[in-house]
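Everything below concerns the one structure shown next.
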Amino acid sequence: MPAPRKPRLAVFKFASCDGCQLSLLDCEDELLAVAERVEIAHFLEASRATARGPYDLTLVEGSITTPEDAERIQRIRKASRTLVAIGACATAGGIQGLRNFARASELVSYVYATPEYIATLETSTPIAQHVRVDLELRGCPISKAQLLELLGAFLTGRRPNIATHAVCLECKRRGTVCVMVAHGTPCLGPVTQAGCGALCPSYNRGCYGCFGPMESPNTAALGASWESLGATRSEITRALRSYNAAAAGFRMTSDAHEQEE
């Protein structure tokens with residue numbers, strides 16, 4: 001009797017730094033177990049050997065920034081039974097989403113000697129603005145633990161257990177003293193989705209918002225708290241405009257502060 005067919009895994013990259021793909025390679029011992037359970041059909045970060053779809057599970061890193069990207073993601077979606085956007089670039093436009101607050105066509109002329117050869121979109125947008133996405137993994141980069149949870153859930157036919165609460169809960173769980181309360185350090189933890197293990201607060205630094213806005217972020221109230229600590233509207237705007245600048249939960253407040261300046 002022939003062995004059952006292994007699920008086919010594909011990993012694709014758009015505009016990004018490759019960090020989220022490296023999170024999969026960094027799984028080390030766990031990656032060997034994953035490789036035994038799936039057929040890695042397309043993963044250029046790991047191997048130049050590729051196979052055409054259909055794919056059972058597709059992980060997509062990076063944001064859509066060019067007309068070619070917009071066409072290619074449509075083809076990938078058609079070839080994928082389940083498509084998961086991984087990382088801040090794929091889920092919120094990434095650091096390159098800062099172009100959304102300016103005119104990309106003007107920025108190109110500052111950077112390139114011959115801008116007429118550059119084909120780019122005016123915005124950097126997440127995958128979900130172009131195709132249907134079955135699940136998103138947040139982070140810059142994504143959490144290794146959450147990635148393994150996703151793969152384990154896929155292989156066992158269940159929905160992955162991915163946290164949607166704030167980083168503050170992670171601080172409580174690990175016994176980290178609140179940097180805002182104890183030291184008056186501005187922190188995005190109250191409005192940022194968990195997943196990093198509250199890494200920065202554990203080193204007495206404020207959260208930078210790598211995992212993007214939590215389920216219901218009250219960024220306006222957090223901004224008022226920052227102001228009480230001495231932060232300016234400009235500083236609040238810059239803090240919200242980083243890895244997840246284009247995420248709706250952050251952009252609304254950053255735009256409001258910018259208009260008030």
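Brief remarks on what is shown
- Of the residues making up region 132-160, just one is at pLDDT below 95 and among the β-branched types (Val, Ile, Thr), namely 156.
- Meets criteria (under 25 Å from residue 157 (Cβ atoms) and in contact with a Gly (Cβ under 9 Å, 6 or more places away or on another chain)) for residue 43: no
- Hits in region 23-48 (condition: over 22 Å from residue 88 (Cβ atoms), in contact (Cβ under 8 Å) with a residue 40 or more places away in the chain and of a type outside the set (Lys, Arg)): 30, 34, 38
- Residue list for region 43-57, restricted to those being more than 18 Å from residue 17 (Cα to Cα) and either surrounded by 13 or more Cβ atoms within 10 Å (Cβ to Cβ) or outside the structural domain of residue 139 (by TED's automatic domain parsing) (or both): 53, 55, 56, 57
- Subset of region 184-208 (residues that are surrounded by fewer than 22 Cβ atoms within 10 Å (Cβ to Cβ), out of contact with any Gly (no Cβ under 9 Å at 6 or more places or on another chain) and not aromatic (Phe, Trp, Tyr)): 190, 197, 199, 202, 204, 205
- Positions within region 77-99 being assigned to a helix (DSSP H, G or I), over 21 Å from residue 22 (Cα atoms) and in contact with a strand residue (DSSP E or B) (Cβ under 8 Å, 6 or more places away or on another chain), in sequence order: 77, 97
- Pair list, Cβ < 9 Å and 6+ apart or interchain, from region 230-259 residues that are over 12 Å from residue 100 (Cβ atoms) to residues that are modelled with pLDDT under 90 and β-branched (Val, Ile, Thr): 236/253; 237/253; 240/253
The values are calculated or read from the model by the stated rules, or taken from the named source; none is laboratory data. Because the structure is a prediction, the values reported are computed rather than measured. Here the Cβ is made from the backbone with ideal geometry for all residues, glycine too, and neighbour counts use every protein chain on show.
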